[in-house]
1. I'd like the orientation of helix A:83-97 relative to chain A: the angle between its Cα long axis and the longest Cα principal axis, in ° from 0 to 90, rounded to 10.
2. Count the lysine pairs in the stretch A:31-130 whose Cα atoms lie under 20 Å apart, taking only pairs 8 or more positions apart in sequence or on different chains.
3. So if I take the alpha carbon set of the stretch B:293-424, get Rg, then get Rh from the Kirkwood formula, what is the Rg over Rh ratio?
4. Nearest 5 is fine: what % of DSSP beta bridges in chain B come out antiparallel, could you say?
5. Of B:H243, B:H324, B:H190, which has the largest mean-square fluctuation in a 10 Å C-alpha GNM of chain B?
6. Please average, across the residues of A:35-42, the number of beta carbons from any other chain that are within 10 Å of each residue's own beta carbon, and give a whole number.
7. Which aspartates and glutamates have a Cα lying under 12 Å from the Cα of B:K257, excluding residues fewer than 8 positions away in the same chain?
8. Which lysines does B:K407 reach when only Cα atoms under 19 Å apart count, and residues fewer than 8 places away in its own chain are ignored?
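A short reminder: the numbers here are calculations on the coordinates, not readings from a lab. These numbers come from a predicted model, not from an experiment. Cβ placement follows ideal geometry from the backbone for every residue including glycine, while neighbour counts extend to all protein chains displayed.
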Amino acid sequence: MSDLRDLYQDVILEHSKAPRNYRELPAANHKAEGFNPLCGDRFTVYVALEGDAIRDISFQGSGCAISKASASMMTQIVKGKTMAEAEKIFGRFHEMVTGHAPAGGSESELGKLTVFSGVSEFPVRVKCATLAWHTLHAALEGKQDPVSTE
Amino acid sequence: MTSAARKLDGEKRPVSATGRFDVERVRADFPILHQKVHGHPLVYLDNAATSQKPRAVIDAITRYYEGSNANVHRGVHFLSENATEEYEAARLTVQEFLNAAHSREIVFVRGTTEGINLVAQTFGRAQVQAGDEVLITAMEHHSNIVPWQILCDEKRARLRVASINDQGELLLDEFANLLGPRTKLAAVTHVSNALGTINPLKRMIEMAHSRNVPVLVDGAQAVPHMKVDVQDLDCDFYTFSGHKVYGPTGIGVLYGKATLLHAMPPYQSGGDMISSVTFEKTTYNQLPYKFEAGTPHIARVIGLGAALQYVDGLGMENIGAHEHDLLAYATEAVSAIPGVRLIGTAKEKASVLSFVIEDIHPHDIGTILDQQGIAIRTGHHCSQPVMERFGVPATARASFAVYNTRKEVDALVRGIEKVRQVFA
Ligand SMILES: Cc1ncc(COP(=O)(O)O)c(C=O)c1O
């Protein structure tokens with residue numbers, strides 16, 4: 001059962017039970033909705049952008065432990081970053097959870113997000129781990145339609 | 001094999017010397033069951049999505065391709081005659097299985113979804129006009145919602161929905177009240193895939209007929225678990241999928257009363273469905289060929305025939321009794337686990353155990369069970385309105401077939417305990 005612990009690391013379980021920045025954001029000037037039709041996960045990501053800096057960010061919604069923890073930790077890591085920096089982290093994160101991280105690549109940018117590396121062993125859960133990130137991306141682009149992982 | 005030998009013979013095999021139903025003998029018929037998944041024996045509890053196939057079905061398909069493959073209804077040569085005979089023998093098997101009055105009332109389609117779409121596109125388009133109504137229930141699969149929605153949009157007709165109660169049972173009075181002068185069709189499920197509810201179909205059909213409303217039945221989840229007699233039910237259309245009743249995917253049946261099928265315009269057009277074509281005029285073929293345009297999936301039809309024969313060999317009463325025992329056993333054991341809530345607690349249920357666990361998302365339940373070799377379905381089960389009715393985004397669903405055992409239910413219960421440990 002070691003693989004299971006790779007996926008459900010304590011940090012992930014802890015964030016899924018007590019998600020950070022889990023609220024509406026009155027100061028938000030960007031917002032998007034993300035939906036994973038396969039499992040019914042649904043999140044709204046709120047962003048308060050100042051210039052191209054993410055001054056504040058929050059989320060709300062329902063989903064599995066992986067998607068919720070990912071959303072929670074995402075809000076922590078991108079807060080205070082520029083849009084470009086956030087997108088870059090998303091790129092690295094995506095590579096890691098899909099098992100395409102370049103060999104010898106630095107994980108420092110990902111910081112605590114490396115707890116999601118076990119997701120690469122569970123291909124059907126990649127969408128769960130990336131849903132919040134896709135939604136953030138849509139919010140930053142100012143897309144109106146809800147994003148879907150399909 | 002002659003067509004006579006293909007008749008359902010009613011001889012029941014899986015009963016051991018002691019006269020008890022012998023599930024181990026049934027399991028031996030299913031090659032796929034004897035494997036390990038993630039180091040654990042496979043426990044396959046996703047039967048409402050699709051059932052596994054017995055050796056008899058796999059062999060029938062192989063035998064057909066190795067010995068009889070040819071196009072049907074078109075050749076004078078030996079193989080074509082053989083293929084046609086086997087194809088038509090399967091139709092007789094289906095006729096007998098559903099107790100239809102005539103074999104021409106049995107139309108082969110891709111599955112339940114196509115059966116419903118066929119009726120919506122032919123009968124529906126001809127009968128439903130602006131201001132008319134189509135009545136469904138709140139427990140339908142998307143495939144018995146969307147075709148009617150599209151038809152109603154196109155015709156500016158109205159889709160009416162009869163509600164269900166907190167147990168997941170249809171409100172019969174409401175159903176009766178919604179059968180109005182403008183109702184052109186009632187399209188209802190026999191058994192709910194998300195809840196397991198068995199609808200009181202015969203009464204519903206009587207109610208509808210007393211108001212001259214024809215009834216289409218989605219039988220996808222019923223046919224694997226109970227004897228269906230379309231003449232006794234007096235339904236106007238009945239459709240099911242082969243793959244949920246131990247047959248191949250991509251093949252299913254639409255039963256329709258001959259008088260209705262006869263009056264309906266064709267569905268798809270092309271070869272086989274015509275009797276004569278000139279550039280001025282086409283005369284459609286007789287039933288059921290009018291609705292079977294093009295070269296059909298011959299091997300799958302033969303596989304389906306073999307599946308229904310297999311089911312008949314086990315005996316539907318034996319299957320129903322065994323599954324009923326499993327469901328009762330599982331219901332008691334799973335509902336006793338702290339934090340578990342069952343979704344769908346109708347008095348009359350078949351083979352489906354849908355549940356949620358407090359503070360644990362069904363998707364996580366599914367992954368953790370899978371790591372123990374246990375296959376269940378998680379999600380909305382193509383029944384989003386049902387999920388909404390119960391205020392959950394998704395459920396975990398274990399569904400049983402004739403080859404499942406109490407030991408497998410025990411494994412499920414241990415698996416759920418493990419889920420709770422991971423999240424403790
Ligand atoms: C009640 C019900 N109706 C219809 C369908 C659709 O069947 P198919 O996908 O085989 O066409 C299903 C299968 O999921 C079902 O459970």
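1. Long axis of A:83-97 versus the principal axis of chain A: about 20 degrees.
2. Eligible lysine pairs with Cα atoms under 20 Å apart amount to 14.
3. 1.05
4. On the way: 29 of 47 bridges.
The answer is about 60 percent antiparallel.
5. B:H324
6. Numbers: counts 0, 3, 3, 5, 10, 12, 4, 1.
Rounded to a whole number, the mean comes out at 5.
7. By straight Cα distance, B:K257 reaches B:E105, B:D234, B:D236.
8. In chain and number order, the partners are B:K36, B:K418.
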